[in-house]
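Working notes, beginning with the structure itself.
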Amino acid sequence: MNDKTASRVGSAPDAAPSTQQGASGTLTGRLLRVCLDVFVGALVLALVAGIAVLVAPDLLARLEQPALQAWGTVLAAVVIQGVPFLLLGTVVSAAVTTLVPDRVLARVLPRNPVLAVPVAGAVGALLPGCECASVPVAGSLIRRGVAPAAALTFLLAAPAVNPVVLVATSIAFPGRPEMVLARLLASLAASVAMGWLWIRLGRTEWLRLADRPHAAAGRGRLDAFTRALQHDFLHAGGFLVLGAAAAATFNVAVPPSVLESFAGSPWLAVPLLGVLAVVLSICSEADAFVAASLSGFSPTARLAFMVVGPMVDLKLIALQSGTFGRAFALRFSIATFATAVLTAAVVGGWLL
């Protein structure tokens, strides 16, 4: 008995060193992972640089063609203009997602769903966030008892009418404040209309909320912020480059006669650019620069591109399917697309 007691007493002081060793091991492991990431990144850059040196002469000869030069100019212009606003938007989005509790948003909204819908649209305008972040936030609000109509209004409004998006739009369309106002009014009207439409026609059984994974214990807010920022920027940045490449290809490859046949008809141009926004899936902080590059289309058609994109695109449909269920995502995306195109056409015809 005494030997066992002595062994227990003797082993007690070892607990603190083991804890310190565990913390030290965790820190060392993270440092090793960071060093490994830096090494792999440097290796990839060196490989790309080596390939560029080998193919540069032939590539430069081909880039002398006017069409390729125009394609590269449009691509570079869209990306260079969009990246600063994309970075700013993802920083704010990560901060809101990790630092603002869901209960704060729940307390702001009225209990009456009809009144909560426009308030949720205004809250979305004050809290910048990309469309990728708005989907899980809306799911969290519904889990906390917020009316689904208000949560869905926030989902649509937050990425569409926040200050970062409006400033980016003003830069993309210099000297055109009416374009910024039209985007604000059309996007907010579409968000509120969808919220009220859900109150009228929506059914609770369409919402099948998936279980949300819990954050690992021991991860601080700074760690969560950096992870969210890294995910949002890399994810949205990839779509920005793809969207810019698609816009450049569209401007260069499509013959002017075909473009004029669609651009000359508002009944065709507006839904066409709406469909293009769904396919390109560009982040809302950067889509204005792509819309500005589609100069062959009318301002109303380009407005439809900017209104539809933050509310309905391929990545959003996938995110909504995983969060709320496929049945909801299908119905909601179709209704949102029709509402966004209609509001863009009405507001664009009035202001533009």
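The values are calculated or read from the model by the stated rules, or taken from the named source; none is laboratory data. These numbers were taken from a predicted model, which means no experiment stands behind them. These area figures cover heavy atoms from the full protein model, side chains too; ligands, DNA and RNA do not enter into them. Shrake-Rupley method; radii C 1.70, N 1.55, O 1.52, S 1.80 Å.
The single condition among (1) over 24 Å from the mean Cα position of the chain (by Cα); (2) at pLDDT 75 or above that LEU259 does not meet is (2). Residue count for segment 106-157 under the criterion of being at pLDDT 85 or above, open to solvent by 20 Å² or more (accessible area, probe 1.4 Å) and farther than 21 Å from SER321 by Cα: the result is 7.
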